[in-house]
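**Student:** Please read through the structure below; I'll follow up with questions.
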Amino acid sequence: MSEKTLVIACGALAHEITALIKNNNWSHLKVQCLPADLHNTPQKIPDAVRQKIQLGRAQFKHIFVAYADCGTGGLLDKVLQEEKIERLPGAHCYATYAGQQDFEAMAEEELGTFYLTDFLARHFERLIMHGMGLNKHPELLPLMFGNYTRLVYLAQRPTPELQVRAEAAAASLGLHYIYRNTGYGELADELRTTAEHTIQWQN
């Protein structure tokens, strides 16, 4: 059985987690991702995570789940409590990147905020415009986004291309654009703690 820790991650965090592991030489962490598209059907996330956990137990002594609640309404926590597994803190990855307190302050500042991460900026057309049918039915835009006033791009590793994509996303939704460079935020802290615990377990 492997002494590494299995990190079961949301596919929307795959790029960032892989970069953190490489940059910090956390070779004792092994990542397996579930499809990011599960966010369109969050009720399926708990069972999908449970299946990954149960398969992973045959190979790994230690498991960490790189998901927040992600719209499961506490159902993911119920699964993790039963499996005795920890996860990322907070309700979603936006708070993980921005930091729980900073995110709460942003939310209180303007309730009608739509958030982008690097992943969502990169895949906005596929997940939002096509995924929600807005490309074919633009008349749905006021129904889906009529209560939003601004789009905040929470950037992890921003590039000029991603910033252009994020601004274009805001324009396509008719929202005021705000840019904030959060870096990896609490995702880096949580993975660092997991990596340190793994080393302790190995010793």
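The values are calculated or read from the model by the stated rules, or taken from the named source; none is laboratory data. Everything quoted here is computed from the prediction, not taken from an experiment. Using ideal geometry, Cβ is built from the backbone for each residue, glycine included, and neighbour counts are taken over all protein chains shown.
**Student:** Just name the residue that is surrounded by the most Cβ atoms within 10 Å (Cβ to Cβ) out of those in the range 179-197 that are hydrophobic (A, V, I, L, M, F, W, C) and under 13 Å from the mean Cα position of the chain (by Cα).
**Tutor:** Going residue by residue through the range 179-197, those that are hydrophobic (A, V, I, L, M, F, W, C) are 187-188, 191, 195.
Still in the running and under 13 Å from the mean Cα position of the chain (by Cα): 187-188.
Values: L187: 22, A188: 19.
Selected residue: L187.
**Student:** Mind listing just one residue for me: the one in the range 36-82 that is under 14 Å from the mean Cα position of the chain (by Cα) and exposed (fewer than 15 other Cβ atoms within 10 Å of the Cβ) and, of those, modelled with the lowest pLDDT?
**Tutor:** Top of the filtered list is N40.
**Student:** Sticking with this structure for a sec: Of the conditions (1) out of contact with any Asp or Glu (no Cβ under 6 Å at 6 or more places or on another chain); (2) touching a residue at least 24 places away in the same chain (Cβ under 8 Å); (3) in the same structural domain as N40 (by TED's automatic domain parsing), L88 clears all except one; give me its number.
**Tutor:** Among (1) out of contact with any Asp or Glu (no Cβ under 6 Å at 6 or more places or on another chain); (2) touching a residue at least 24 places away in the same chain (Cβ under 8 Å); (3) in the same structural domain as N40 (by TED's automatic domain parsing), the lone unmet condition for L88 is (1).
**Student:** Consider T159 carefully, then state whether it is touching a His at 6+ places or on another chain (Cβ under 8 Å), surrounded by 12 or more Cβ atoms within 10 Å (Cβ to Cβ) and polar (S, T, N, Q).
**Tutor:** no
**Student:** On to the next question. Which one is surrounded by the fewest Cβ atoms within 10 Å (Cβ to Cβ) among residues in the range 138-156 that are of a type in the set (F, W, Y) and more than 17 Å from the chain's Cα centre (by Cα)?
**Tutor:** Our first condition is that a residue be of a type in the set (F, W, Y); within the range 138-156, this holds for 145, 148, 153.
Narrowing further to those that are more than 17 Å from the chain's Cα centre (by Cα): 145, 148.
Working: F145: 19, Y148: 17.
Checking each candidate, the answer is Y148.
**Student:** Same structure, new question: Which condition number does P158 fail, the rest of (1) at pLDDT 95 or above; (2) on the phi < 0 side of the Ramachandran plot being met?
**Tutor:** Single failed check for P158: (1).
**Student:** Check the range 175-182 and report whether any residue there is under 19 Å from A9 (Cα atoms), of a type in the set (S, T, Y) and modelled with pLDDT of 95 or more.
**Tutor:** Initially, the range 175-182 is screened for residues under 19 Å from A9 (Cα atoms), giving none.
Scanning the range 175-182, I find no residue that is under 19 Å from A9 (Cα atoms), of a type in the set (S, T, Y) and modelled with pLDDT of 95 or more, so the answer is no.
**Student:** For the subset of the range 100-140 comprising residues that are among the small types (G, A, S) and part of a helix (DSSP H, G or I), which member is farthest from A170 (Cα to Cα)? First the steps, then the outcome.
**Tutor:** Filtering the range 100-140 for residues among the small types (G, A, S) gives 105, 107, 112, 121, 131, 133.
If we keep only those that are part of a helix (DSSP H, G or I) too, we end up with 105, 107, 121.
Details: A105: 21, A107: 17, A121: 10 Å.
Per the stated criteria, the residue is A105.
**Student:** Still on this structure, I have one more. Hey, could you check the range 92-110 for residues that are touching a residue at least 12 places away in the same chain (Cβ under 8 Å) and loosely packed, with under 15 Cβ neighbours inside 10 Å and say which is nearest to T194 (Cα to Cα)?
**Tutor:** Q100
**Student:** So, one more: Residue under question is N135, and the condition is that it be loosely packed, with under 15 Cβ neighbours inside 10 Å and in contact with a helix residue (DSSP H, G or I) (Cβ under 6 Å, 6 or more places away or on another chain); does it hold?
**Tutor:** Details: loosely packed, with under 15 Cβ neighbours inside 10 Å: yes; in contact with a helix residue (DSSP H, G or I) (Cβ under 6 Å, 6 or more places away or on another chain): yes.
When the stated conditions are applied, N135 passes them.
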